[in-house]
1. Here are some conditions: (1) closer than 25 Å to residue 105 by Cβ; (2) touching a Leu at 6+ places or on another chain (Cβ under 7 Å); (3) free of Cβ contacts under 8 Å to residues at least 40 places away in the same chain. Residue 14 meets all but one. Which one does it not meet?
2. Being in a helix (DSSP H, G or I), under 15 Å from the mean Cα position of the chain (by Cα) and of a type in the set (A, V, I, L, M, F, W, C) is the filter here; which residues of segment 15-43 pass it?
3. Kindly establish whether residue 6 is farther than 30 Å from residue 115 by Cβ, assigned to a helix (DSSP H, G or I) and of a type outside the set (Gly, Ala, Ser).
4. Residues in segment 54-67: is at least one under 15 Å from the mean Cα position of the chain (by Cα) and exposed (fewer than 15 other Cβ atoms within 10 Å of the Cβ)?
Amino acid sequence: MSSEIIKAIASKALDGLQVRQAATAQNIANANSVDYQPLRVSFEEQLRLTVSEAGTANPADLAREIGALRPSLQWSADGPEHGVRIDYEIAQASETSARYAMLIGVLNRTLQIEQLAIKGG
């Protein structure tokens, strides 16, 4: 997989995680609101399908296709009777933070590899 595709995937995943973090913050802020339904973000499966269905696509075309993906916000299917579970939201925030840090590391390593290739060392 080319570094161009890796950067596109990581960048789009970071976009999705940013939206998920905002949704989690809104869910926590509205935890005591009557009939509030938690927000959920969907993007990983869409990203996974786009990459897996690409096959032998041109890396530049695939990177553009990945760049066109948008994370989507949805109201939780649990319904208002379940409300916001703070323990779930805190776990979600922790997982989002860990994924964010991992993706930043992937981007950093990818850029370091490109720098080494450019320098020839």
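1. For residue 14, the failing item is (3).
2. Listed by number, the residues that qualify are 17, 19, 22, 23.
3. When the stated conditions are applied, residue 6 does not pass them.
4. Yes, there is a match, as at least one residue in segment 54-67 is under 15 Å from the mean Cα position of the chain (by Cα) and exposed (fewer than 15 other Cβ atoms within 10 Å of the Cβ).
Quick grid of which residues meet (1) in contact with a His (Cβ under 9 Å, 6 or more places away or on another chain); (2) surrounded by fewer than 16 Cβ atoms within 10 Å (Cβ to Cβ); (3) not polar (S, T, N, Q):
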| site | (1), (2), (3) |
| --- | --- |
| 32 | no, yes, no |
| 69 | no, no, yes |
| 83 | no, no, yes |
| 100 | no, no, yes |
| 109 | no, yes, yes |
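Throughout, read-outs are computed from the coordinates displayed, never taken from laboratory work. Note that the coordinates shown come from a computational prediction; the quantities given were computed from them, not determined experimentally. Cβ coordinates were reconstructed from backbone atoms using ideal geometry, including for glycine residues, and neighbour counts include every protein chain displayed.
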